[in-house]
1. Sort out which residues of segment 292-345 are open to solvent by 30 Å² or more (accessible area, probe 1.4 Å), within 29 Å of LEU199 (Cβ to Cβ), part of a helix (DSSP H, G or I) and aliphatic (A, V, I, L, M), and write them in order of number.
2. Please list, ordered by residue number, the strands (runs of 3 or more DSSP E) wholly in segment 115-200 having 3 or more residues that are open to solvent by less than 10 Å² (accessible area, probe 1.4 Å) and touching an Asp or Glu at 6+ places or on another chain (Cβ under 8 Å).
3. Looking at segment 46-81 only, could you name the residues that are within 23 Å of PHE151 (Cα to Cα), modelled with pLDDT of 95 or more, of a type outside the set (A, V, I, L, M, F, W, C) and surrounded by fewer than 22 Cβ atoms within 10 Å (Cβ to Cβ)?
4. If ALA36 satisfies all but one of (1) modelled with pLDDT under 95; (2) touching a helix residue (DSSP H, G or I) at 6+ places or on another chain (Cβ under 6 Å), what's the number of the condition it fails?
5. Quick one: how many residues across segment 201-211 are under 14 Å from LEU230 (Cβ atoms) and outside any helix (DSSP H, G or I)?
6. So VAL72 clears everything in (1) more than 22 Å from ALA249 (Cα to Cα); (2) part of a helix (DSSP H, G or I) except one condition, right? Which one?
7. Take ASN221 and tell me if it is open to solvent by 10 Å² or more (accessible area, probe 1.4 Å) and touching an Asp or Glu at 6+ places or on another chain (Cβ under 8 Å).
8. Sort out which residues of segment 82-104 are in a helix (DSSP H, G or I), open to solvent by 10 Å² or more (accessible area, probe 1.4 Å), among the hydrophobic types (A, V, I, L, M, F, W, C) and under 26 Å from THR309 (Cβ atoms), and write them in order of number.
Amino acid sequence: MRQVRPEGTGAGRAGRRVSGALAGLVASALAAAAVAVLPMTAAAQGEPGASPGRYPERLIKIIVPYTPGGLVDTFTRTLADDMAARLKQPVVVENRSGANQAIGMDAAARAAPDGYTLLVTSQTGMILNPLTTKDLRTDPTRDLTPIATLFSTPFYLVVNSTVPVKSVQDLVALAKSKPGTLTYGSLGRGGTHHLAGELFKQRTGTDLLHVPYKGSAPAMNDLLGGQIDLMFEGGTSTLPYVQSGRLRALASTGETRTEVMPDLPALNEIVPGFSMTVWFGLAAPKGIPQPVADTLHAAVQAMLKKPSTHDKFMAVGIEMMPGSQADFASLIQSDVPKWTRIVRDAGVGVE
């Protein structure tokens, strides 16, 4: 799914700093991909942080930087089950939510670079945190290694069914009649959910109140309970409630309408230029041995390419993103200027 972002002005010092650092990340990933892989036993014995013998020999942990029950958690648990079957070792999910992925990223970055601690991350952790947050403990370009892209998804703009609107136009009119009254949830300041809401405000001339959460599950609970009015969120969390009538979908944020809801307008049909698709990927602590990274990458690719994986997640608007380790590094670098423009257009400063 190709990402198309709204255009803005220049990138600023933060964007240039991240972009320069990521250039080195791409170069190192490309170089690693060009090296012939040694047999696992010999290579692992010579690499710092790797256990002797053949990888994996024990339980693998995947850190999800959100609360249980949301889109990312649901997908990662499916991935963990598939990887466990392929690698013949247990693979467990550990939820480390808070601080817009920063808590989970800190835990992953400080783990041994041996392939037994991994992290699911996205534009929020790899790109947006350095653009919007001061004094981060983890620098993603310095402390993490991209392993594989996982999937991409648009957001769905959904409202609680009691909100008296049936279209984006209705929502804009209601918001303008009650400035600062309607509330929208996100998974944290400066993340993709927050930026979608702020960009919507900027492009429609509305005033909405932002309410940040630690994960999809608590945000959705409050949306369903009427404590907040609307949210930009993925299909896994929202579409079942849309189908049951508890939520009302007004638009999707991809470049085009989604396969699962072809009658639902894309937001850029109503708000020209508004298009936002988010991706997620698997990362590891910097210094992971390349043969270990290759083993993990191969396991991920096998799961992404299964027809059953497509069929399971297509129904909630998720598109698989198979690709090389170098592809993931290049994606991060190419997205820096795009998200820098979105940050500026949304008026989100550094805090």
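The values are calculated or read from the model by the stated rules, or taken from the named source; none is laboratory data. What you see is a predicted model; the values in this text were computed from it and never measured. A quick note on method: Cβ atoms are made from the backbone with ideal geometry, for glycine too, and the neighbour counts reach across all protein chains shown. When the accessible area is computed, the model is the full protein with side chains, heavy atoms only, and any ligands, DNA or RNA have been set aside. Shrake-Rupley method; radii C 1.70, N 1.55, O 1.52, S 1.80 Å.
1. MET314, LEU331
2. Passing ranges, in order: 144-154, 156-160.
3. Hits for segment 46-81 are LYS61, ARG77, THR78, ASP81.
4. It fails just one condition, (2).
5. 6
6. The one condition VAL72 does not meet is (1).
7. No: the conditions fail for ASN221.
8. Result: ALA84, ALA85, LEU87.
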